[in-house]
1. Confirm whether residue 155 is more than 19 Å from residue 99 (Cβ to Cβ), touching a helix residue (DSSP H, G or I) at 6+ places or on another chain (Cβ under 6 Å) and modelled with pLDDT of 95 or more.
2. Taking residue 211 as meeting all but one of (1) free of Cβ contacts under 8 Å to residues at least 12 places away in the same chain; (2) on the phi < 0 side of the Ramachandran plot, write down the number of the exception.
3. Taking the condition over 24 Å from residue 235 (Cα atoms), in a loop (DSSP other than H, G, I, E, B) and in contact with a strand residue (DSSP E or B) (Cβ under 9 Å, 6 or more places away or on another chain), does residue 114 pass?
4. Give me the helices (runs of 4 or more DSSP H) completely within region 6-107, filtered to those with at least 1 residues that are exposed (fewer than 13 other Cβ atoms within 10 Å of the Cβ), ordered by residue number.
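The values are calculated or read from the model by the stated rules, or taken from the named source; none is laboratory data. As the structure is a computational prediction, the values presented were derived from the model and not from experiment. Please note: Cβ atoms are built from the backbone with ideal geometry, for glycine as well, and neighbour counts cover all protein chains shown.
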């Protein structure tokens, strides 16, 4: 555990707003020397409380380096009410977020690797640039979530609701499913091979292997890996229809 100490002088120097100064004064206590300060052992409970109760202040304090980014690695936040919480840049590796309410939460740049988000409500959440590799998002609500730049490699999205969300490549889910191969298979030949392998989920026979010979996401060109991770996560979770079923015949040949 670490101990944080924040003085009014530090807040003023960092450019704190009047509302923030007022909050500080409401909880500050005198030190042994009589100087007013906020002093606390920085536990996960403190981090979650501030992120959820005062998301704007939490984000500002972390940005100014007055408190560390939230470290909630492997924390048990099952069914926690984190609606609107500011957890940008937080470490949530392996955290238990089953059934958590994360609507409108700011999770931009958060590390959610291997986090358990089964049934979590992420409606309208900001997940831009988040690392969600191997996260379990089974039956999660992603309606209207913003996932631009997020890493979805090996994420489990089976049963999730991604409607109206913005995917890592910056397009809406509805636009993406109309042609999920558009970014990855730009030539008719590779596209045809990918469609012929639809329904195969092993890297020895899946659409990416058939189209390009890739045996893993890492085999794809660097600038294509996020797009390939997005495709594989949605494809393996059963959220994509075979392109010939959703495109005009001429577009699939």
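1. no
2. (1) is the only condition that residue 211 fails.
3. In short, no.
4. Once the helices (runs of 4 or more DSSP H) in region 6-107 are filtered for at least 1 residues that are exposed (fewer than 13 other Cβ atoms within 10 Å of the Cβ), what remains is 8-14, 18-27, 44-53.
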